[in-house]
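Data block below; observations after.
What follows draws every value from the coordinates through simple rules; no lab data is involved. Just so we're clear, the structure is a prediction, and the values are computed from it rather than from any experiment. Positions of Cβ are backbone-derived with ideal geometry, glycine not excepted, and every protein chain shown enters the neighbour counts.
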Amino acid sequence: MTRLGVLANAKSWRGVEGLVGAPGVVAETPDGIDGYGPAIARLKANGVGVIAIAGGDGTLREALTALIAAYDGAPPPIAFVPRGKTNVAAADVGGVKDLAALAAAVAAGAPARRLEIRRPMRVTAGGVTRYGFVFGCGAFERGVRLANAQVHKRGFAQGIGLAMAVASSISAAFSGAERQAWRSGVAASVAVDGRPALKQDRFVLLATSLHKLMLGLWPFWGEGEGEIRLLDVAAPPRRLARALLAVARRRPAPWMAEAGYVSLRADRLELELAAPFILDGDTFLADPDGRIELASGPAVTFVTY
């Protein structure tokens with residue numbers, strides 16, 4: 001019988017407590033970030049064959065980081081149980097709603113209905129390495145901050161919350177007291193796959209190794225073989241309204257590259273950035289020298305039953 005490991009943050013414990021002691025189930029609730037390593041070590045010692053991660057994108061990030069370390073880059077299949085404010089990853093890799101049904105299916109040896117393989121980005125900053133799926137700074141960081149202050153606190157989450165956050169961010173970039181601050185961007189140096197770095201003010205820098213985002217949003221059109229999709233827009237953004245419309249239609253216009261709108265694929269990005277950045281919904285800072293490295297991480301299998 002395949003054993004199911006359940007890893008849930010404290011806020012996602014509801015619905016998990018009923019599985020404690022169930023045959024073939026090992027449940028853990030890490031006590032803060034430092035608790036993920038020991039919790040996963042116990043799951044590994046119990047020989048679990050599938051690990052359910054209950055929480056949001058931040059929980060998934062911390063769990064992946066600890067899992068990749070504990071299993072030497074080859075963790076067992078993961079079933080994501082989305083219980084966060086946005087759950088961007090679930091829109092791409094799938095999500096499990098019923099933990100009891102998942103436990104029964106795993107115990108019975110049922111095949112997964114859906115299997116997705118993704119390579120989370122290895123993000124090293126401030127001397128710490130984390131594995132995550134969505135990285136951004138500039139307007140993206142401002143947008144997440146705005147969402148936390150004005151959208152999520154009012155109880156809006158998931159797709160509705162994201163739509164409201166996107167609308168509020170676009171409005172702020174076009175009008176309002178902070179319009180200039182939004183459009184001025186952040187100073188950043190970016191080197192792609194070992195090529196010479198380009199230093200300039202950037203309106204937004206967004207990178208992901210997911211294949212799909214929420215609400216049909218996909219502001220990437222660059223081609224290539226790299227696992228990381230990158231959007232890089234110079235500041236101040238030129239002809240922003242027309243560019244947004246073209247990206248929304250997934251039909252980038254020929255003039256956009258010359259105007260500072262760049263999209264490409266890569267396996268390694270080296271940044272120098274003094275401003276805060278977002279990784280899977282949470283805010284982080286780089287080293288004092290601003291160095292951040294993004295690289296393709298190991299393959300991780302996500303399953304849905």
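Values computed for the structure shown
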quantity	calculated
Given charges at Cβ of Lys, Arg, Asp, Glu: the stretch 4-120 dipole, positive-most of Ala70, Val26, Gly84	Gly84
Pairwise label distance in nanometres, Leu217 with Leu115, each label 7 Å out on the Cα-Cβ vector	3.2 nm
Given Lys85/Lys212; Lys44/Lys97; Lys44/Lys212, the pairs whose alpha carbons are separated by over 26 Å	Lys44/Lys212
Label point distance in nm, Ala45-Thr301, each placed 7 Å from Cα along Cα→Cβ	2.6 nm
Where labels lie 7 Å past Cα in the beta-carbon direction, separation of Ala197 and Trp255 in nm	3.3 nm
Percentage relative contact order, the chain, counting C-alpha pairs under 8 Å, at least six apart	22 percent
Extreme residue, positive dipole direction of the chain, given options Gln200, Trp255, Thr59 (C-beta unit charges)	Trp255
Within the chain, helix-based [θ] at 222 nm, where runs of 4 or more DSSP H residues each add -39,500 (n - 2.57), nearest 500	-7500 deg cm²/dmol
Charge dipole (debye, nearest 20) of the chain; +1 at Cβ of Lys and Arg, -1 at Cβ of Asp and Glu	1000 debye
Rh (Kirkwood; distinct C-alpha pairs) - the stretch 134-279, Å	15.7 Å
Protection proxy ranking, peptides 196-207, 254-265, average beta carbon neighbours within 10 Å, highest first	196-207, 254-265
Cα radius of gyration and Dmax for the chain (Å)	19.9, 61
Difference of contour (0.36 nm per residue) and Cα-Cα distance, Glu225 to Ala100	41.1 nm
Relative contact order %, the stretch 4-120, counting alpha carbon pairs below 8 Å whose residues are six or more apart	25 percent
